[in-house]
Every structure is written in C-alpha cells, then in structure tokens.
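No lab work stands behind these numbers, since they all come straight from the coordinates. In this text, all values refer to a predicted model and were calculated from it rather than measured experimentally. Glycine also receives a Cβ, built like all others from the backbone with ideal geometry; neighbour counts cover every protein chain displayed.
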Amino acid sequence: MALRDILKEILAAAEADLKSATFKDLEQLKIKYLGRKSALSLALRQIKDLPDDERGPLGRLGNEIKQKISAMLEQFAAGQDHIVDDLDFTIPGIEPLMGHLHPITQTIGDLIDFFAGLGFSVAEGPEVETEEYNFDLLNIPPDHPARDMWDTFWVSRGKDSAHSTLLRTHTSPVQLRYMRESKPPIRIIAPGRTFRYEAEDATHSSVFYQLEGLMVDKGITLGHLKAVIDAMVKHILGDDVKTRLRPSYFPFTEPSFEVDVWFEGRWLELMGCGMVNPKVLENGGIDSSVYTGFAFGMGIERIIMAKYKITDIRNFYGTNFDFLKQF
Ligand code: PHE
C-alpha cells in the first residue's frame, strides 16, 4: 500500500478508536497513535527515504496527520465528564500529617510570654559574631584561660578582634549589643542559637539554644536574680522544684553561680548566672557606680530534657516524628 494511503488509514483508525474510547483508554491510545513504535512513527520515518519529489508533499501530509491526532487526543482528554465518571468522591481521603511548632520553638515562645509578664522584652544578636563581642567586651581577653571554656568555630581572622568572626559560643554578646544601644533600666531576654566545637553525644551538641537574661537598674541585687530564676524554673518545671545557687566562675559576672534544680530526686545543673561584672557594664557604656545588674544564660534543650526526661539531645535536631509528635 502506498505511504499516502497508509497515513490516511491511520487517521481514520484513530478517529474510529476515539469514538468508542473511554477516559481509561487515553494512555493506550497515545501510545498506539503517537508512540515511538506506532504505525504513524514508522510511516514518518520511511518518508525521508522517498525520492525528492514525493518527500515534500508526503512529509507535509504526515505532519498534518500527526498534529490532527494529537489535537484529537487532547480534546478528548479535556472532556471533563470522562474524568468525573471515574472518580468516586465518597471514598475517604488520606488524613494529612499536620505539622506543629518544634518543642524548642514552643519553649522559647512560652518563655517570651513568661518574661513579658515580668517586663522583659526580646533582644537579638547575630549568630556570626565578632571576637570582640563574644569575648573581649565580656572581659575575656585573648590570653585569658577562660577562653578555654568555649571551643570555638572560627569563621574569619581580621586585623583585630572587631574584624574577626566566629559562631557565637553563647548568647552573652547580646548583653553588650543591647547595653550599647540603650540606657538603663534594662530588662531583656535573648533566646537564640549558639555553637561550640563539640564531640557530639547524647548530652552534647555543636548547635544548641540558649536563653540569655539581663536586668540592669539602680539597686539590682542577687535577691532579684534569685527571685527571677526561681520563678522561671517553677514556671517550666512546676511549683515544687527547688533551686540553689552554687558558686562558680564567669569572667563577665561577679560573683558568679551555677543554678541547680532539685528535680526528680537529684540536683541538675541548669544554667550559669551572676551579677554583671562592673567592667562589662562599663564596656556597655553604663556607669557602674550608679547601676548594677544580673545576667543568666540557660540551655534551652537542657530544661526541656529535664522536664520530659529526654535522654538524648540529638532528638531535637532530627526528623524522628515519633519524638516530635509528642509535643
Ligand atoms: N554565657 C555563659 C555560658 O554560656 C552563661 C552565663 C550567662 C553565665 C550569663 C553568667 C551570666 O556558659
């Protein structure tokens, strides 16, 4: 049979097939008429071997037919009633997995609310901090052994500490950033991510969250610090937890303490705190002969772990839904 007749027959067959087709047949028809092994494709491939005077007209005819069949199939697919025929709207759907805020985010939100009630607002600082703010202004000079308390991820070395950057090892630099741009009375909390070069295990993570607190005014004493910390811990862990201050050392507070909580039958170390070192107040542009203040820095994961008896900190940073769904 001549190629021209073959092409015409293919078109006629496609028209006939489509008349009796249902939506389900669509994919099969596409393959049958437009697929690589379809009669149409075979015929089109033969055209290029024809003598010059036949190739042009037959090529045109072949392409016309191909376009016509494509258009027919498209039109057919667009016939919505066929789709509706095949859908049962009464079948129950799959319930979507609904997300919610991460436990760390929930806890930060809860603490922001709690501290708002005590007149504290929220302050922020950069996660990539300068050496000056992370260390120097907090009374930790380059040669001071206290630098060894923090294993640091350095980012860049500049000509001096104001131009060298690192991933902040704690939220304490926010104290200085805030003091330098405001005047007492100061009441802020600074929740955020902090970074230390740690060997990671069940209780150590290189990335973790802290909540910094800073209060500066005339006549602020250790009594204020105790009261605020006690109220915060009770808010989270319940009214019957006891807190104690244990003497410690931080270069930026004097005196300095660790806060332990008596929880589930043992003392648990929860955070560092103290009265703001007068040098730090001065670095923040505050007259230390007039003002005093307290500061604390709490590990956020730690308090959640205590509350819910979580034994592995790595749960917070993974996608274990069995863990996350419980919050
Ligand atoms: N920045 C300290 C730390 O990360 C905690 C701290 C904050 C201690 C404020 C005293 C005052 O270990």
Among F195, F89, which comes first, second and so on when ranked by fewest other beta-carbon atoms within 10 Å? F89, F195
Relative contact order (percent, whole number), the chain, Cα cutoff 8 Å, 6+ residue spacing: 14 percent
Debye equation applied to the C-alpha atoms of region 226-295, log10 I(q)/I(0) at 0.25, 0.27, 0.28, 0.29 Å⁻¹: -1.02, -1.11, -1.16, -1.21
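Give me the extension gain from D113 to K68: residue separation times 0.36 nm, minus the current Cα-Cα distance, reported in nm with one decimal.
Numbers: separation 45, 0.36 × 45 = 16.20 nm, distance 6.69 nm.
Difference between extended and current length: 9.5 nm.
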Pop out the Kirkwood hydrodynamic radius of the chain from its pairwise C-alpha distances, inverse of mean 1/r, in Å to one decimal. 25.6 Å
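Please sort 220-230, 95-105 by packing, taking for each peptide the average over its residues of neighbouring beta carbons within 10 angstrom, highest first.
On the way: 220-230: 16.5, 95-105: 10.9.
Packing order, densest peptide first, comes out as 220-230, 95-105.
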Based only on other Cβ atoms within 10 Å, what is the fewest-to-most ordering of S164, S156, S248? S156, S248, S164
If you take the charge dipole of region 162-229 about its Cα centre, with +1 on Lys and Arg Cβ and -1 on Asp and Glu Cβ, which of I188, A202, G219 is farthest toward its positive end? G219
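Report, in deg cm²/dmol and to the nearest 500, the calculated mean residue ellipticity at 222 nm for the chain, where each DSSP H run with n ≥ 4 adds -39500 (n - 2.57) and the sum is divided by the residue count. Before the final figure, lay out each step's value.
Values: 12 runs with 132 residues, N = 327.
Mean residue ellipticity at 222 nm (helix-derived): -12000 deg cm²/dmol.
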Cα centroid separation - region 99-177 against region 229-289, whole Å: 17 Å
Just to check I understand the Karplus step: with θ = phi - 60° and J = 6.51 cos²θ - 1.76 cosθ + 1.60, what whole-Hz values come out for region 197-206, glycine and proline as x? 7, 10, 7, 6, 8, 4, 10, 10, 9, 6
Which ³J(HN,Hα) values, rounded to whole Hz and listed in residue order, are derived for region 183-192 from phi using the Karplus coefficients 6.51, -1.76 and 1.60 in 6.51 cos²θ - 1.76 cosθ + 1.60 with θ = phi - 60°, glycine and proline given as x? 10, x, x, 10, 9, 9, 10, 9, x, x
Estimated dipole of region 3-85 in Debye, rounded to 20 [Cβ of Lys and Arg +1, of Asp and Glu -1, Cα centre]: 260 debye
DSSP-defined antiparallel bridges as percent of all bridges, the chain, nearest 5: 95 percent
Can you give the FRET efficiency for E269 and V207, using 1/(1 + (r/R0)^6), R0 = 22 Å, r = Cβ-Cβ distance, to the nearest 0.05? 0.65
By the C-alpha gyration tensor axes a ≥ b ≥ c (rounded if a/c is under 1.5, else prolate when a/b exceeds b/c, else oblate), the shape of region 175-292 is oblate
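From the gyration tensor of the Cα coordinates in region 3-85, what semi-axes in whole Å does the equivalent ellipsoid have, largest first, with each one equal to sqrt(5λ)? Spell out each step's value before the answer.
Values: eigenvalues 159, 23, 18 Å².
In descending order the semi-axes read 28, 11, 10 Å.
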Fewest first, what order do I94, I140, I300 take by the number of other Cβ atoms within 10 Å? I94, I140, I300
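Could you work out Rg/(2.2 N^0.38 Å) for region 115-239, with Rg from alpha carbons only?
Values: Rg = 15.9 Å, N = 125, 2.2 N^0.38 = 13.8 Å.
The value comes to 1.15.
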Length gain on complete extension for the stretch T105 to K24, per 0.36 nm per residue less the alpha carbon to alpha carbon distance? 24.3 nm
